[in-house]
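Quick notes on the structure that follows.
The values are calculated or read from the model by the stated rules, or taken from the named source; none is laboratory data. Nothing here was measured: the structure is a model prediction, and the numbers come from that model. Here the Cβ positions follow ideal geometry from the backbone for every residue, glycine too, while neighbour counts run over all protein chains shown. In case anyone asks, the SASA skips ligands and DNA or RNA and just uses the protein heavy atoms, side chains included. Shrake-Rupley method; radii C 1.70, N 1.55, O 1.52, S 1.80 Å.
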Amino acid sequence: MPSNKRKILLLPGDGIGPEVVRETKKVIEWFNKKKSLDFNLDEGLIGGAAIDKHGVPITDEVFYKALESDAVIFGACGGPKYDKLEFSKKPERALLKLRKELKLFANLRPAICFKQLVDASSLKPEIVSGLDILIVRELTGGIYFGEPRGVKPIENGERRGVNTHVYTTKEIKRIAKVAFELATKRKNKVTSCEKSNVMEAGVLWREEVQFLKDKEYKKIELNHMLADNCAMQLLRNPKQFDVILADNLFGDMLSDEAAMLTGSLGLLPSASLGDKDKNGKTRSLYEPVHGSAPDIAGKNISNPIATILSFSMALKYSLDLEKESSLLDKAVEKTLEDGLRTTDIMSKGKKKVSTSDMGDAIISNLN
Ligand code: IPM
Ligand code: MG
């Protein structure tokens, strides 16, 4: 039996973050009550919300709470209000700090097209129906964190901006291993993306992934694909993919693209996982792939499904509750089956509902 006093930290953040996390909180409370799980829920400010109150994107207090949690559920951060802030003070720095300091190097982004939503995608139904891709994105390296970085004045009043794309053998192998392991539980197929035609670090990526496969994962079918080609193939024939392995930046872009195949960015959950610590515990953070969507924030029209499904991933990957996770997935699917749609996935003949209606409907389907 899993112990039943585990800590879940909610970090709603900015924009639509608070509304989608609010709905997810209702779901967590349902599990506490109906499944006697007794998750210990705590909440903290992050991003712009923390800047407004404390002048920093994340306080030490919230950071240490995240370190001690069994799972962190993150909403979104950022917004136009903070665009002019100095780089190191921007809301996004909080999320990047959590990823880096909690060593959450593996970001899992499943793109599944629910059969009820084939019409919500901008692609033809036959291209996306039955789609089930898992993007494995490296999350603590590459150009997001590489040094040197920054903007400096140069001669003639001009400036020079630098970011560095850098990966080591260890970082590449560590994330490739995650992709291979997950593929063994799926269709045994990994497509690894880089730009080895123009980047030395891309050549290294390709070689190290291949070495690891040859040594430890002989049964996996491994294909290497240039990242730009992968972007194109995702639109041309997305069902050729099973697991897509990519670095931090390419993974960021390819996952937004894959999200749209499923109908809406509002549907894609993600899990960010670290290594096991000495007690066998994996640090983790769960977040919807969509951002803060400031244009629709506060209107109760956003789609809470991506965040609710992110909690489902937490049940599966951090809380050892696989059955509860699939129960939640089924409740989400049933709600779509019932014809309920938030604005982003609305189509003819369906019932348009608000963020909170969607949350309530998922809960009544759990019941
Ligand atoms: C994502 C987001 C983040 C990223 C931003 C908010 C820092 O786009 O999680 O995909 O670029 O990683
Ligand atoms: Mg992104």
What number does the stretch 1-108 give for Rg over Rh if you use C-alpha atoms and the Kirkwood radius?
1.01
If you take every DSSP beta bridge whose two residues both sit in the stretch 132-261, what share of them, in percent to the nearest 5, is antiparallel?
30
On a 25 Å Cα-Cα criterion, which of the cross-link pairs K53/K281; K185/K213; K276/K316; K103/K218; K173/K218; K7/K97 come out too long?
K53/K281; K103/K218
Beyond a 23 Å Cα-Cα separation, which of these cross-linked pairs lie in this structure: K299/K350; K65/K330; K25/K334; K177/K215?
K65/K330
Among G202, V27, C230 the positive-end extreme of the charge dipole of the chain (Cβ point charges)
V27
Carbon and sulfur together cover what percent of the accessible area of the chain at a 1.4 Å probe radius?
52
Between the stretch 121-186 and the stretch 73-119, what's the alpha-carbon centroid distance in Å?
13
Taking 0.36 nm per residue of separation and subtracting the Cα-Cα distance, what length does fully extending V151 through E207 add?
16.9 nm
Going by amide H atoms built from the backbone, whose H comes under 5 Å of the H on T191, apart from near neighbours?
N223, D242, V243, I244, L245
Measuring from its Cα centre, the stretch 82-153 shows a charge dipole (+1 at each Lys and Arg Cβ, -1 at each Asp and Glu Cβ) which, in debye to the nearest 20, is 400
Per residue of the chain, what 222 nm ellipticity follows from adding -39500 (n - 2.57) for every DSSP H run with n ≥ 4, rounded to the nearest 500?
-12500 deg cm²/dmol
In Å and from the alpha-carbon atoms only, list the Rg and Dmax of the chain.
20.3, 68
Kirkwood hydrodynamic radius over Cα pairs of the stretch 50-194, then Stokes diffusion coefficient at 25 °C and 0.890 mPa s, in µm²/s:
131
Whole-Hz ³J(HN,Hα) for each residue in the stretch 135-148, computed from phi via Karplus 6.51 cos²θ - 1.76 cosθ + 1.60 with θ = phi - 60°, x for glycine and proline: what do you get?
8, 10, 10, 5, 10, 10, x, x, 5, 5, 10, x, 10, x
Karplus 3J(HN,Hα) series, Hz, for the stretch 150-166 with 6.51 cos²θ - 1.76 cosθ + 1.60 (x for Gly, Pro):
x, 10, 10, x, 10, 5, 6, x, 8, 10, 10, x, 10, 9, 10, 8, 9
Added length on full extension, which subtracts the Cα-Cα distance from 0.36 nm per residue, V166 to D320
52.0 nm
Could you let me know the centre-to-centre spacing of the stretch 226-278 and the stretch 4-39, using Cα atoms, in angstrom?
26
Per residue of the stretch 228-245, what does 6.51 cos²θ - 1.76 cosθ + 1.60 with θ = phi - 60° give for ³J(HN,Hα)? Whole Hz please, x for Gly and Pro, Karplus curve as stated.
5, 5, 4, 4, 6, 4, 4, 8, 6, 8, x, 6, 6, 9, 10, 10, 9, 9
About the Cα centre of the stretch 132-261, how large is the charge dipole given +1 on each Lys and Arg Cβ and -1 on each Asp and Glu Cβ? Please answer in debye to the nearest 20.
440
Using only alpha carbon pairs under 8 Å that are at least six residues apart, calculate the relative contact order of the stretch 132-261 and give it in whole percent.
36
Just how large is the dipole of the stretch 262-367 about the Cα centre, in debye to the nearest 20, putting +1 at every Lys and Arg Cβ and -1 at every Asp and Glu Cβ?
100
